[in-house]
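Report on the following structure.
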Amino acid sequence: MNESKKLSRRAFLAKAGGSVVSIGLPGIFVKLMDLENLALAAEMRPDGRPRLPPSQQAVKKIIDMGGVQGTADSKNWRLQIHGEVGRPTTLNFQELLNLSQVDLTCDVHCVTGWTLLDSHWGGVRLTTIMDLVKVKENASFVIFEAASGYTSNIPISEARKENVIVAHSFFGRELPRAHGAPVRTLVPDRYFYKSAKWLEGINFTAQDDPGYWERQGYSNSADPWREERFK
Ligand SMILES: Nc1nc2c(c(=O)[nH]1)N[C@H]1C(S)=C(S)[C@@H](COP(=O)(O)O)O[C@H]1N2
Ligand SMILES: [Mo]
């Protein structure tokens, strides 16, 4: 992404962060949407963290954040799983569907400031794939490889979480192209740039390898509750 686009992301972020409570003169004035967001920020998740991470604003619909789309469809799509694994494996779409399937309802948090609550996804847990390929002891990181060289990286401890999936459906339908069809990853508890769209490969590595946004100044750890947005 070019410099001006990067700046506009920061501007959006500043705006989102600054509008939670608008203090007007002479009185205090709070917008309706902001009240909703304040209520959400007070709501707690089962893990005790607030539903809305700091400086995030809830949106009603997913936003298409762009990226260079893949060209594969479900017929010719392949997923290469490689690196520190005992059994390197290539899956086609049907083989992915043959694995144990999960439905996941989760919130996703974009680093530009929006949060989509209660989104529904269908797919396969990353741990199911890890068991299949026999991930080795020395694998400490997972690198998601997407179309046109986009990558994102997470530690293997994050990859083992139940809500980390490889998704092929969204609200009960096939994933829309703009949102990563035929298959994307979902890492709900990290900023959304970790969730690679148009997934083509999964590489298990001993060493970390910062991804596309992580190399451009965005946080490698990307924890929304610690507000780890930038390096
Ligand atoms: N392949 C690929 N995956 C990607 C991106 C991208 O540019 N290319 N953008 C990331 C970013 S920054 C975000 S916020 C989410 C956006 O997903 P969405 O467009 O489905 O909302 O996808 C992530 N995954
Ligand atoms: Mo993003």
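The values are calculated or read from the model by the stated rules, or taken from the named source; none is laboratory data. Computed from a prediction, not measured in an experiment: that's the story for all the values here. Quick reminder, even Gly has a Cβ in these numbers, built from the backbone with ideal geometry, and neighbours come from all protein chains shown. In case anyone asks, the SASA skips ligands and DNA or RNA and just uses the protein heavy atoms, side chains included. Shrake-Rupley method; radii C 1.70, N 1.55, O 1.52, S 1.80 Å.
Would you compute, from DSSP H runs of 4+ residues alone, the mean residue ellipticity of the chain at 222 nm, taking -39500 (n - 2.57) per run and dividing by the full residue count, rounded to the nearest 500?
Working: 5 runs with 45 residues, N = 231.
About -5500 deg cm²/dmol.
Counting only protein heavy atoms and using a 1.4 Å probe, what share of the accessible area of the range 3-226 belongs to carbon plus sulfur, as a whole percent?
Numbers: 5890 of 10920 Å².
Heavy-atom surface of the range 3-226 belonging to carbon and sulfur, 1.4 Å probe: 54 percent.
On a C-alpha basis, how far is the centre of the range 163-231 from the centre of the range 112-128 in Å? Whole number, if you could?
About 10 Å separates the Cα centre of the range 163-231 from the one of the range 112-128.
Solvent-accessible area per residue for the chain at a 1.4 Å probe radius, Å²? Before the final figure, lay out the partial values.
Working: 11420 Å² over 231 residues.
Averaged over the residues of the chain, the accessible area is 49 Å².
Over all distinct Cα pairs, what is the inverse of the mean 1/r for the range 69-181, reported as the Kirkwood hydrodynamic radius in Å?
Kirkwood radius, the range 69-181: 15.1 Å.
For a quick check of your reading of the filter: which trypsin sites (Lys or Arg not before Pro) in the range 56-147 sit in a DSSP loop and have no more than 14 other Cβ atoms within 10 Å? Mind showing how you got there, number by number?
Numbers: sites: Lys60, Lys61, Lys75, Arg78, Arg125, Lys134, Lys136; in loops: Lys60, Lys61, Lys75, Lys134, Lys136.
Qualifying residues, ordered by number: Lys60, Lys61, Lys75, Lys134, Lys136.
Any of Lys134/Lys197; Lys60/Lys134; Lys134/Lys231; Lys136/Lys197 with alpha carbons more than 31 Å apart? Name them for me.
Numbers: Lys134/Lys197 24 Å; Lys60/Lys134 39 Å; Lys134/Lys231 33 Å; Lys136/Lys197 26 Å.
The pairs that break the limit, which is 31 Å between Cα atoms, are Lys60/Lys134; Lys134/Lys231.
Can you report the principal axis dimensions of the range 3-226 using only the alpha carbons, biggest first, rounded to whole angstrom?
67, 35, 34 Å, listed from the longest principal axis down.
What is the spin-label model distance, in nm, from Glu95 to Arg160 if the labels are put 7 Å beyond Cα along the C-beta direction?
Between Glu95 and Arg160, the label points sit 2.6 nm apart.
Describe numerically, in nm with one decimal, the distance between label points set 7 Å from Cα along Cα→Cβ at Lys60 and at Lys231.
The two pseudo-label positions are separated by 4.0 nm.
Please give the length that would be gained between Ser221 and Asp73 if that part of the chain were fully extended, namely 0.36 nm times their separation in residues minus their C-alpha to C-alpha distance (nm, one decimal).
On the way: separation 148, 0.36 × 148 = 53.28 nm, distance 3.13 nm.
In short, 50.1 nm is gained.
Using every Cα-Cα pair within the range 41-107, state what percent have a distance larger than 19 Å. Numbers along the way, then the final one.
Working: 1414 of 2211 pairs.
Summing the P(r) tail past 19 Å for the range 41-107 gives 64 percent.
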